[in-house]
Each structure stands twice: as structure tokens, then as C-alpha cells.
1. Residues in segment 434-442: is at least one among the polar types (S, T, N, Q) and under 25 Å from Leu109 (Cα atoms)?
2. Among the residues of segment 361-389, write down those that are surrounded by fewer than 16 Cβ atoms within 10 Å (Cβ to Cβ), in contact with a helix residue (DSSP H, G or I) (Cβ under 7 Å, 6 or more places away or on another chain) and over 21 Å from Met416 (Cβ atoms).
3. With the condition kept exactly as written, say whether any residue in segment 199-218 is open to solvent by 100 Å² or more (accessible area, probe 1.4 Å), at pLDDT 75 or above and either in a helix (DSSP H, G or I) or out of contact with any Leu (no Cβ under 6 Å at 6 or more places or on another chain) (or both).
4. From the list Ile341, Ile324, Ile302, Ile332, which residue is under 20 Å from Gly431 (Cβ atoms) and out of contact with any strand residue (DSSP E or B) (no Cβ under 6 Å at 6 or more places or on another chain)?
5. Is there a residue in segment 269-292 that is among the hydrophobic types (A, V, I, L, M, F, W, C), modelled with pLDDT under 85 and in contact with a helix residue (DSSP H, G or I) (Cβ under 9 Å, 6 or more places away or on another chain)?
6. Being at pLDDT 80 or above and open to solvent by less than 40 Å² (accessible area, probe 1.4 Å): is that true of Leu138 here?
7. For Lys195, all conditions in the list (1) open to solvent by 70 Å² or more (accessible area, probe 1.4 Å); (2) more than 26 Å from Ile26 (Cα to Cα) hold save one; what is the number of the exception?
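The values are calculated or read from the model by the stated rules, or taken from the named source; none is laboratory data. All figures in this text were calculated on a predicted structure; none of them were measured in a lab. Here Cβ is always computed from backbone atoms with ideal geometry, including for glycine, and neighbour counts include all displayed protein chains. Each accessible area value is taken on the protein alone, full model and side chains, heavy atoms only, with ligands, DNA and RNA left out. Shrake-Rupley method; radii C 1.70, N 1.55, O 1.52, S 1.80 Å.
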Amino acid sequence: MILLEALKIKHYVKDRLLLDIDQLHIHRNDRIGLVGRNGCGKTTLLNILAEKIVPEEGTVIQHASCELLPQLKRTDTTKSGGEVTQEYIQEALVRDSELLLADEPTTNLDTDHIEWLEKKLKAWQGALVIVSHDRAFLDALCTTIWEINDSKISVYTGNYSDYEQQKEAMHAEQQHAYENYEKKKKQLEDALKLKEKKAERATKKPKNVSGSEARITGAKPYFAKKQKKLQTTANAIETRLEKLEKVEKVKDIQPLKMNLPNAETFKNRIILRAEGVSAQFGKRVLWRRNSFFIRGGDKFAIIGPNGSGKTTLIRKIINQETGITLSPSVKIAYFSQNLNILNEDKSVIENVCATSKQEETLIRTVLARMHFYQDDVYKLVGVLSGGERVKVALTKLFLSDMNTLILDEPTNYLDMEAAAALESLLKEFEGSVIFVSHDRRFIENIATRILEIRNQQIRVFEGNYRQFKNDKPKKNRDLEKDKRLVLETKIAAVLGRLSIEPSDELEQEFQELLKEKRELD
């Protein structure tokens, strides 16, 4: 059964054709992930499908109830971003529409609540179209991927990992086509050169034949005729060269070889010790006294629920607060969501070069890896989008004179291609990376050690994220985590109802839920 049709859709942003879609159909039980680079039109398309925006051309026909979960949530509230997101999700699911259009539903949610939302949506009976930069989330929920590229939509069967594999296969196919094109082109060019040389020789008087003999035997006209024939063949080859369909070269990923400061006293040495470190916010304890260490070259992920104190720990490390000892060999570069390290009046490459001791060839290689190609590096930072500025800031820090990167939610505002490019750079980086993230795929692909803050405790796990998730102590806490999430969801729902229609019964229910949560804590 078709729930929604979109036919002959065209939509412009100023003079740029943003969307040019012949037809789209959404069927019952469809689970669709909508992907594409920042600014390609994903949010606009969702709003067109939800009939919140009227396209300049084309028609949307809804055959079923449709609910839009918007990207921009309310800001006129004292609730946290995660609480507001949860409230929107709960309200949307309660309405039980046949089609849910969700724009970045994991925004501001920590890993626990992202996994809670996955379970909710897996059990939900309606169709879904989801815009998300969370690749693990799309893997868990989607059976089809729609990719927007150059205003068109391409459809891929399977989840996000299947889509990546199909893209890699297409990449390999294009590489093979390019190699065949280059081989054929060289064959034709070599044949053309050979014919042109033969044609040039054909006008010359043969060796051991005098001029008078050539005139008597008619050699000159014969060779002129031969030259003409050879020239005709050469022209035919030239025409084939011109008509040879050009295949673009696949962009190669250049390997990195960076000069790491203090490499000899840094690699595989203990570069950071935390001894008896604790933290609290006002009267609330974030975590109790704990000790751990970090080695040079570690990829160290700091994870935990929202409000557990991850950013607080990062700040303690940067400020070398009581209990934190850094090796003299450590040189830190810190990324936060504040992009004040960029000069908007200077170009991309000027910003990066200002703090880098690396050679320009390497600088341009890294910029290309972050999708700043050729003349893109001369764009002023002031004209870039938010996502592009984040990429410049990350590149600037990556190429600065440092051996330890500290990153606080580095994949926020990055599209999937940029997040994958950053992963690739960090995996090749020989220095240390200490990072906070809720992006499970990013953590899985980067981290070699895990620090989890939960229930006012710090736990360091020696291994990668997949091993951490399969660890037995972690499994034993799943029931408690699920119970806590259910309680928090109920509390959010009752709060929402209280704000609309307050009553004594609701107030009593709210107080009982709070008591139950306190007992669990």
C-alpha cells in the first residue's frame, strides 16, 4: 500500500536547483534513511513531503496520516536539549501516525537514549523516513537508503552499511572504467603518432633514388598519394580520440606522514596520569575519586550519559587540575564547538597554515581528504557553512604543532562523508586522541581504550568499543538502564501533560515516579 507519493518535484534556493525529483513512493512498512552532504536539501525534502513547504513545481499526495518530527526544537524552555528531544519523540509516537518523518531525531540524545529510541522505533508499526548523521542508528533501523546528490535522489537497498558497500563497488567500477579509458586513449594516441610519422616520411624522396629517376618512375606522385592515405587514417584515429567518452579519475586517498613533536619521548609512554580525581557540580557528585592513565598513541574515548561529567573531565585535563599530571612531551590541541580559532577574513589554507609547521603538500593533502579540493582552499572562512567551518577548525588543529588531540563531540555538524574522512585521518594519526562522542560508529572505528562515566563512577576498559559493549559487567547493567530510561520517559510524558492540563492525579503520579527514580539512583 502506498502511503505517500511525490511527483515531478522541483525546488530552488535562490537560483540554485536544490531538488529535482521525478517520483518518490513510500509504502507501508518502509524504513528509509535519507542521506547526503550538508546543504543538499534533506530537511527541505522532509518538509515538502510533510506539506509544510510547497515545492515550486510538482505534487505531494498523502494517502495516510503523516507526522513530522522537526530538526529545530523549542528553545523557550528550561529543559535540556535532550529532554526537549525526548518530549518531541514521545508526542510524535503517541499520535501513532502511519508515516513518521524524523529529522535528526538523535540530536542532543546520549548513547543510552539513542539506543532507547532505536528500540521504540523498531517496535513501531508505521513507515519511517529518517534524516540522521548517526550511521549506527541508520544501520539498526533502515532497509532502504535514499541519497540526495546534485539535486537528484538515488535509491539503495539495505541499511547504511549496505549502502557504503554499494558505493565502494561503484567506486571500484569507476576506477576500472578509468583505467580502460586511459589504456584505450594511449593506444589511439600511439597509433596517431605512428601514422603521422609515416605520412611525414611518405613525402620524402626514397633513398638510393635520384630525382630524375623519381620523376621517370612517378615515385613522387605515388608517395604523395600514400601520404594522403596515411593522413586520412590519422584523421580517422583523431576523430575516434575526440569521440572517446571521457571517464573522470577517481580521487586517490594520499597516505599521511606527519612530523610528530617529541616523538621519541612520547610514543607508547605514559603521557597523562590522573590520581584520585573526583568532580562535583554544586552539591551533585559527578564521579567519585578515581585513577587512570593515558599512553602516547592511545585513542581514548570518554563516554557516558548526558550530565555525567564528560566535558568536566576534559576541562580538568586541559587545565591540569589537582590530580592530573601531564608529561612535558605532551603538546595539546583542543577542539570544542566554539570555533573562535578561525579568522573569518582569511582563506581556508591561510587559517590552516598560520599554526602549522607541516609542508604545504601535506596541508593540501589533508584539506583534500576533508573535501577542500583545488580552489576551495582559497575560499574565505566567512562564506563557509557551519559544517564546513567545523572541518576547517578540525584540519587546523590536526595540522598544528601538537601530538595530542582533545576533541569534544567532533562529529556534531559534520555530514557522513566528513565524519568518515575525519575517522580516516585519526586512524592514521600516530599521536594520542582523547575524545568525547555519542557517535557509536565513530567510537567503534577510532577508540582503542574506553573510559565510561556512569552512576558517579569512572570505569576504564582496555579494548575497543565492540569489546566494551560485549563485556559481561556491561550486560548485567542493561536491565537497570532500561528501567531508568522507561522512568525518565514516563516522567517527561507526565510533565508534558501537567504543563497543558494540571491536576492532582497527575501531580501525584509525577511525585511517585520521582520517588521511584530516586530509589533507583
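1. yes
2. Tyr378, Lys379
3. For segment 199-218, residues open to solvent by 100 Å² or more (accessible area, probe 1.4 Å), at pLDDT 75 or above and either in a helix (DSSP H, G or I) or out of contact with any Leu (no Cβ under 6 Å at 6 or more places or on another chain) (or both): absent.
4. The match here is Ile341.
5. no
6. For Leu138, the condition - at pLDDT 80 or above and open to solvent by less than 40 Å² (accessible area, probe 1.4 Å) - is met.
7. With respect to (1) open to solvent by 70 Å² or more (accessible area, probe 1.4 Å); (2) more than 26 Å from Ile26 (Cα to Cα), Lys195 is out only on (1).
The rows are residues; the columns are (1) in contact with a Pro (Cβ under 9 Å, 6 or more places away or on another chain); (2) modelled with pLDDT under 95; (3) open to solvent by 30 Å² or more (accessible area, probe 1.4 Å); (4) within 24 Å of Val285 (Cβ to Cβ).
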position: Ile443; (1), (2), (3), (4): no, no, no, no
position: Ile446; (1), (2), (3), (4): no, no, no, no
position: Glu452; (1), (2), (3), (4): no, no, no, yes
position: Gln456; (1), (2), (3), (4): no, yes, yes, yes
position: Arg466; (1), (2), (3), (4): no, yes, yes, no
position: Asn476; (1), (2), (3), (4): no, yes, yes, yes
position: Leu485; (1), (2), (3), (4): no, yes, no, yes
position: Thr489; (1), (2), (3), (4): no, yes, no, no
position: Ala493; (1), (2), (3), (4): no, yes, yes, no
